[in-house]
Amino acid sequence: MKTYLNLMGLIRTTFIFLLFVFAGAAPPVLAQGGGGTPIRIAWQPDPNVAFYLARDKNLFEKAGLQPEYVKFLAAPPMFAALQSGSVDVADIGLPAAVIAKSQGIDIKIIMVAVDVSGTNVLVAQKGQTIRSGKDLRGKRIGATKGSGTWYGLVRYLERDGLSMQDVQFLDLSAPNIVPAFRRGEVDAAWTWSPWQNLLVEMGGKPIASNKDIGALAPQVWVVRAEWARQNPEALQRFMKGIDSAFQLIGANRDLAAKAMSEMLNVDNKVASDTLRASDHPDLKTQASVNYPLSVVAGYPGATAGLSLAAKNVAKFLHSQGIIKATVAADDVVDPGPLKRYLHLK
């Protein structure tokens, strides 16, 4: 009987491993130690250093949680995990969050993870003369369709009266942009850190960022709405862990840069540059009506802050045919958990 149970346990473990591999996710990693409310956290490699610090410094455990970490390399597998209830919260790009909502996945954006708008950069080959969108006409431009960088590229072109029809667009993942740039297969590329930093190290010339043109595209934390309703205290504890990490970034930038360097496998200079160009707002800042990506400002009605950014992204994705119907920003962003965390009315 004992042998049978051991065999069944092995089969179950193997099945779970294969399930996550074929879904585009790494097997879940359980935090060491017992106690705390269970929470399954989906993440992907990006400049979200607050998450890395919260995980590595056991800030979720200190907040009363027992986290399980599930790594993803792309948004679509994360959609499937959220839809099936395999994960509870997820670090995802704003465009991807809007796309997920348009597909009927019941999620809510509860806070900004990191604003990478300043690290989403158009980098041109050394021999190219590019000063505006007009100079991209006929050029071979690489970007990742559906991402914040693609959003920046289209907006950059539109600002000068051009469209994607005026360039030779190559839909490339961020890692694949680097060899394409090295081989001269693209004249310029719009991508995020650390990949854009690598292009610059190869002699590329930074031209513009999402932040420069107002195409804000932060990474955000989303929560499954059903899980949030059933586990309001656990959600508050999760926010506590993230907020503690934001405070740690402000107090020790060297520690934050080291965490990013180790997680993204880049040298300390690239990590420091990425940290400097990205914004890591603590939760008090995110509640300020003066913060450009305020979770509270402009809600309801999507007249300002993160709600307005989500509204603009939804309109853009609809205009590009990525989503079939526009998504109401008030249905995407939920300031309730943040207001409760900060004891705001």
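The values are calculated or read from the model by the stated rules, or taken from the named source; none is laboratory data. Computed from a predicted structure; not experimentally measured. Note that we place each Cβ from the backbone using ideal geometry, even for glycine, and neighbour counts take in every protein chain shown. Only protein heavy atoms, including side chains, enter the accessible area calculation; ligands, DNA and RNA are left aside. Shrake-Rupley method; radii C 1.70, N 1.55, O 1.52, S 1.80 Å.
What size of dipole, in debye to the nearest 20, comes out for region 96-247 about its Cα centre when the only charges are +1 on Lys and Arg C-beta atoms and -1 on Asp and Glu C-beta atoms? All intermediate terms of the calculation are to be shown ahead of the outcome.
Details: 19 positive and 14 negative charges, 30 e Å.
It comes to approximately 140 debye.
Suppose all protein chains stay in the model; what accessible area per residue would a 1.4 Å probe give for the chain, in Å²?
Numbers: 15510 Å² over 345 residues.
In whole numbers, the chain has 45 Å² accessible per residue.
Under a 5 Å amide H to amide H cut-off, with H placed in plane at 1.01 Å, what residues pair with residue 66 once short-range neighbours are removed?
So residue 66 has HN proximity to 37, 39.
In percent, how large is the relative contact order of the chain, given Cα pairs closer than 8 Å and 6 or more residues apart?
Working: 651 pairs, mean separation 75.0, N = 345.
After rounding, I find 22 percent.
So if each residue of separation counts as 0.36 nm, and I subtract the Cα-Cα distance between residue 303 and residue 322, what length gain in nm does that give? Display every interim value, and only then the final one.
Values: separation 19, 0.36 × 19 = 6.84 nm, distance 2.33 nm.
This chain segment gains 4.5 nm when fully extended.
For residue 164 and residue 62, compute 0.36 nm times the residue count separating them, minus their Cα-Cα distance, and round to one decimal in nm.
Numbers: separation 102, 0.36 × 102 = 36.72 nm, distance 4.85 nm.
Net length gain for the segment: 31.9 nm.
Which FRET efficiency, nearest 0.05, do residue 233 and residue 84 yield, Cβ-Cβ r, R0 30 Å? Walk me through the numbers on the way to the answer.
Details: r = 24 Å, r/R0 = 0.79.
FRET efficiency, residue 233 to residue 84: 0.80.
Within the chain, what whole-number % of the accessible surface is contributed by carbon and sulfur, with the 1.4 Å probe and all protein chains included in the calculation?
Values: 8250 of 15510 Å².
Summing carbon and sulfur atoms, their accessible area is 53 percent of the total for the chain.
Report the gain in length on full extension from residue 176 to residue 343: 0.36 nm times residue separation, minus Cα-Cα distance, nm rounded to one decimal.
Details: separation 167, 0.36 × 167 = 60.12 nm, distance 4.51 nm.
Additional length available on full extension: 55.6 nm.
Among all the aspartates and glutamates, which ones have a C-alpha under 19 Å from residue 71's C-alpha, if same-chain residues fewer than 8 places away are not counted?
Counting by Cα, and skipping residues close in sequence, residue 71 has these aspartates and glutamates nearby: 46, 56, 61, 88, 91, 262.
Kindly identify the chain as rounded, prolate or oblate by the Cα gyration tensor criterion: order the square roots of the eigenvalues as a ≥ b ≥ c, call it rounded if a/c is under 1.5, otherwise compare a/b with b/c, prolate if a/b is larger, else oblate. Walk me through the numbers on the way to the answer.
On the way: a/c = 1.62, a/b = 1.40, b/c = 1.16.
Prolate, since a/c reaches 1.5 and a/b exceeds b/c.
Taking every DSSP beta bridge with both residues inside the chain, roughly what % is antiparallel (nearest 5)? List each step's numbers first, then the result.
Details: 23 of 39 bridges.
Bridges in the chain that DSSP calls antiparallel: roughly 60 percent.
How big is the charge dipole of the chain about its Cα centre, in debye rounded to the nearest 20, if each Lys and Arg gets +1 on its Cβ and each Asp and Glu gets -1 on its Cβ? Display every interim value, and only then the final one.
Values: 37 positive and 29 negative charges, 19 e Å.
Once rounded to the nearest 20, the dipole reads 100 debye.
Sequence neighbours fewer than 8 away in the same chain don't count; with that in mind, list the lysines whose C-alpha is under 29 Å from residue 126.
134, 139, 145, 205, 211, 269
Rounded to the nearest 500 deg cm²/dmol, what is the calculated helix-only ellipticity per residue at 222 nm for the chain, with -39500 (n - 2.57) per DSSP H run of length n ≥ 4?
Working: 16 runs with 157 residues, N = 345.
After summing the helix terms and dividing by the residues of the chain, the value is -13500 deg cm²/dmol.
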